[in-house]
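Take a look at the structure set out below.
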Amino acid sequence: MEFEPKIVAFVCNWCTYAGADLTGTGRMKYAPNVKIIRFPCTGRIDFMLLVKAFSNGADGIIVSGCHPNDCHYTSGNFHARRRWIVFRALLDFMGIDIERITFTWVSAAEGAKWAEIVNTTVDKIKGIGPYTAYQEMINEAWEEE
Amino acid sequence: MEKLREIAGELLKSNDVKVVIGYTKGMNNKVTPFFAKKQEDIAKLICGNSCAQNLAVYLYKKDISDLGKPAIVANIHTLRGIMRLAVEKQIDKKEMIILAIDNAGDIQKLDNLSDLENYLSSVIPQLNEEDQQMLDELNRMTPGERMVFWKQEMKKCIKCYACRQACPLCYCTRCTVEENQPQWIPVASSVVGNLEWHMMRAMHLSGRCVECGQCGKVCPVNIPIHLLPVRIAQEMKTLYGTSTGISLSEKCDMSTFKPDDKENFIG
Amino acid sequence: MNHQFKLLRKESYSGLIGNLLKSQQVYGPVKQEGYTYYKRISYPDEITEDYIIPQMSAKSFVFPKIEKLFSFVKSKDGVRVEDKNLDTIPKKVIFGVRPCDATGIHNLSAIFLWEPEDSIFKKRREQTTIISFACSSADDYCFCTSLGGGPGNTAGSDIQLIKTGTNDYLAEIITPKGAEIVSSNPGLFEDVDSVEKEKYLVRLPVCFDDSELEDKITDAFDTAIFDDLSMKCVGCGACAFICPVCGCFDIQDETKGSMGQRVRIWDSCGLRQFTLHTSGHNPRDTQGARYRQRLMHKFSYMPDRLGVKGCVGCGRCSRACPVEINIHENLQQITKLVKIHKHE
């Protein structure tokens, strides 16, 4: 059986979620592997949520919000961008596979882009395979029994 | 050493300060923090290169604040810790005297935070060689190798929180790990939980860490945990060009942004 | 107590470990990046003898940092609870345990086997065989002799190995479990006539009188000495977690979806949250009060109630303390207190 990756998408309410909605109303099809979680703003996406997604068995993650200068709250995505720049460096330093996280901007008008982002991410994760290295750690206690 | 004792003695005698936070020689010739409250304690104060601990952590401890106005013996780590705590409005209104000691052992009395800012303006923060070597070594590894490295280290972690308690910037009275609705970090010490904890601590220190390395020094199971916040501090210095714990006007690089922040990974 | 002694020649030593490896899990002190830890081994020569004391105590063999107590699944028919299957606890032999660590397990048993007995602890204790190494060296932090222990103390051990001048080992057989190992490895252990165990042990001076300590510390409850001793304490739990006798634990439910497990994990009376009430009130609100609890529990309450001390003098807490709080030094200070007049 072909490997079907579990992808979690953290998206903002005002742009990407509306964009994903447009993908649907536009009858565009995309891979069903993604579970979308809606946030008020990318600025609200705590970095721990990304880690928690991996810790709960995700193979890949998409983070998406309004394009720079388009934030509903003026600057939430700017804050988020800086946070991701730094967090990505930390993840890399800790050996977490940053290729598994797709960061992107998708506006409310970009339904087609959303479908493409999901499809390319799913294809990419299918290529890399399940995130077993992380999943192996999940239930590992200190004592070997 | 003589000069330190002389100044500290005068401060206590004139009743200007109630306690001198410094170092002394403990059992087995180990350097340990010390609180000189009386004249006869003064002879026990020491200074020197072995006095490396960051003492800034004591400035907001209730039992010590209750003693009255302190003087604090401060190496570069402590100085930067004090500055950063002041920037973050933790001790900015606190009356204290800082006895700054440089690498050569010269001592200077600083009466307030602007004196401290002047003093620090000539200081160029530098990471010690050993830490830099370890960082370089880790940077050279592949991500997969780094994961194996950190996994082994995280297995050792016993969640005693010595890293947090010894850190002057970990001053929150309620830490996220103690938050259980939602439970961000599992209380039990499991590999992933430990990884999450140290990752979170490093991120919460981003743009704030003063690179004293205290968290790594105190780890009872010898995890070089200071490398995480220190690595971020380096990254932020490269990206945004600022050091922490140097100036009263500095901000937290993580709570601000520039509209033209550069990245190469957002599509 | 008259224990039987045997001789284990250096040539037979690896053979013994090899034989044990065939039938059960074997752990021993292993060097890792310059530090020693008790670790599971696959080959006899992984075990090091060049160590004073491993970083972590041996308590985790009977009281691991996470212990799954039971698991539960919720479905529409109700909640199904499944107890830990005690048969999954494997047989283990731990080599190279220091006498202080073995004593630690012995003293910890007084807590966990106090009525009602803790069945998981009991099973782990039964499944674990301890082959201790007597100490031929010590460092400045060791002070077991001041607390009634010693470099050749046999409490908690099943067999104790004492290295002789010829690099052979004297094996002191302490328990039936130890005797079983000897009898199931015929040919490896030889008879020996004269035994001078003491001459191979390190000499460690006694620095204070431990019976005096119990009286003094009990009387000191209302004094300010604990505040003074703990003024530099930063309030972490390192001392408790590496302590061979600290037995305090927390119970947590770890859930995922409709299933989960209840776990028992290490906790420490030195942590602020240990006694924090939901109301926000904390009966031990200062680090001084928490440090007092730590010392009183070890040197007054435990001897009083259980007949054993909560400290074996391994000195680990002093080695690990971020701010060099030295328990040996503090205990000496307490024994030097003059008879205290309590508050009215």
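Positive-end ranking of C:Q160, C:V81, C:F189 along the dipole of the protein assembly as shown, with charges on Cβ about the Cα centre, is headed by C:V81. Among the trypsin sites (Lys or Arg not before Pro) found in the stretch B:46-146, those both in a DSSP coil and sparsely packed, with 10 or fewer other Cβ atoms within 10 Å of their Cβ, are B:K89, B:K93. Eigenvalues of the alpha-carbon gyration tensor of the stretch C:121-220, scaled by 5 and square-rooted, set the equivalent ellipsoid semi-axes at 30, 20, 10 angstrom, largest first. Close amide H contacts of C:Q32 (hydrogens built in the peptide plane, cut-off under 5 Å, sequence separation of 5 or more or a different chain): C:Y37. About the centre of its Cα atoms, the stretch C:211-343 shows a dipole size close to 180 debye [charges on the beta carbon of Lys, Arg (+1) and Asp, Glu (-1) only; nearest 20 debye]. Highest GNM mean-square fluctuation, chain C, Cα pairs closer than 10 Å: which of C:H106, C:H281, C:H297? Comparing C:H106, C:H281, C:H297 in a Gaussian network model of chain C, the most mobile one is C:H281.
In the full protein context, the stretch C:211-343 carries 42 Å² of accessible surface per residue, based on a 1.4 Å probe and ignoring ligands, DNA and RNA.
Cα to Cα, under 12 Å, and not fewer than 8 places away if on the same chain: which aspartates and glutamates meet these conditions relative to B:K3? Of all the aspartates and glutamates, those that pass the test against B:K3 - Cα under 12 Å, at least 8 places apart if same chain - are B:D106. Here the simple spin-label model places points 7 Å from the Cα toward Cβ, and for A:R44 and B:D63 these points are separated by 4.3 nm. Which Cα, out of B:A52, B:V187, C:F221, lies furthest along the positive dipole direction of the protein assembly as shown (beta carbon charges, K/R +1, D/E -1)? So the residue we want is B:V187. If you check each cysteine of chain B for another cysteine whose beta-carbon is under 4.7 Å away, which ones come up empty? If one checks each Cβ against the other cysteines of chain B, B:C47, B:C51, B:C157, B:C160, B:C172, B:C175, B:C209, B:C212, B:C219, B:C252 turn up with nothing under 4.7 Å. Annotation note: GluC sites (Glu not before Pro) in the stretch B:145-248 located in DSSP loop regions with a Cβ neighbour count of at most 12 within 10 Å are B:E179. When Lys and Arg each count +1 and Asp and Glu each count -1, what net charge do the other residues less than 13 Å away from B:L4, Cβ to Cβ, add up to? Net charge in that neighbourhood comes out at -2.
Residues considered: C:I159, C:I105, C:I174. Largest GNM mean-square fluctuation over chain C, using C-alpha springs under 10 Å, is found at C:I174. Straight-line reach only, C-alpha to C-alpha below 17 angstrom: list the aspartates and glutamates that B:K258 could link to, leaving out same-chain residues fewer than 8 apart. Here the aspartates and glutamates satisfying the reach criterion relative to B:K258 are A:D70, B:E235, B:E250.
For chain C, the fraction of 1.4 Å probe accessible surface lying on carbon and sulfur atoms is 49 percent.
Sorted from greatest to least, the principal axis extents spanned by the alpha carbons of the stretch C:211-343 come out as 60, 34, 31 Å.
For the stretch C:2-67, the set of GluC sites (Glu not before Pro) satisfying both a DSSP loop assignment and a count of at most 11 other C-beta atoms within 10 Å is given as C:E33.
The aspartates and glutamates whose alpha-carbon is closer than 12 Å to the alpha-carbon of B:K151, local same-chain residues fewer than 8 away aside, are A:E136, A:E140, B:E196. Counting Cβ atoms of other protein chains within 10 Å of each Cβ in B:162-170 and taking the mean gives 4. Along chain C, counting only trypsin sites (Lys or Arg not before Pro) with a DSSP assignment other than H, G, I, E or B and at most 11 other Cβ atoms inside a 10 Å radius, the longest segment between sites is C:204-335. Distant-in-sequence amide contacts of C:F133, defined by a placed amide H-H separation under 5 Å and a gap of 5 or more residues or a different chain, comprise C:G96, C:V97, C:R98, C:L161. With the alpha-carbon atoms of the protein assembly as shown aligned to their principal axes, the span from lowest to highest coordinate is 92, 78, 51 Å, starting with the largest.
Using a 1.4 angstrom probe on protein heavy atoms only, the contact between A and B buries about 4100 square angstrom of accessible area, both sides summed. Per-residue Cβ counts within 10 Å, from other chains only, averaged over B:180-193: what number is that? For peptide B:180-193, the averaged partner shielding equals 6. Distance from a point 7 Å along Cα→Cβ of C:L337 to each backbone N in the stretch C:300-314: keep the residues under 12 Å and list them by number. Within reach of a label on C:L337: C:300.
With a 10 Å cut-off around each Cβ of C:320-332, the average count of Cβ atoms from other chains is 5. Distance check, please: which entries in B:K156/C:K177; B:K156/C:K232; B:K62/C:K298; C:K59/C:K84 exceed 23 angstrom between their Cα atoms? Beyond 23 Å: B:K156/C:K177; B:K156/C:K232; B:K62/C:K298. Taking C:V312, C:V206, C:V30 in turn, the Gaussian network model of chain C (Cα-Cα springs below 10 Å) assigns the largest fluctuation to C:V206.
Summarising the amide proton neighbourhood of C:L7: residues at separation of 5 or more, or on other chains, whose placed amide H is nearer than 5 Å comprise C:A171, C:E190, C:D191, C:V192.
The value for the stretch C:165-252 of Rg(Cα) / (2.2 N^0.38 Å) is 1.84. Between beta-carbons, use under 13 Å as the cut-off and find the net charge around A:V11, counting Lys and Arg +1, Asp and Glu -1. Summing Lys/Arg as +1 and Asp/Glu as -1 gives +2. Dividing the summed -39500 (n - 2.57) terms of all DSSP H runs of n ≥ 4 by the residue count of chain B sets its mean residue ellipticity at 222 nm at -11000 deg cm²/dmol. Structure note, pairs B:K237/C:K65; B:K89/B:K109; A:K126/C:K31: Cα-Cα distances above 30 angstrom occur for B:K237/C:K65; A:K126/C:K31. Fully extending the segment from C:E46 to C:D83 would add 9.7 nm, taking 0.36 nm per residue of separation and subtracting the current Cα-Cα distance.
The values are calculated or read from the model by the stated rules, or taken from the named source; none is laboratory data. These numbers come from a predicted model, not from an experiment. Please note: Cβ atoms are built from the backbone with ideal geometry, for glycine as well, and neighbour counts cover all protein chains shown. We work out accessible area using only protein heavy atoms, side chains counted, and drop any ligands, DNA or RNA first. Shrake-Rupley method; radii C 1.70, N 1.55, O 1.52, S 1.80 Å.
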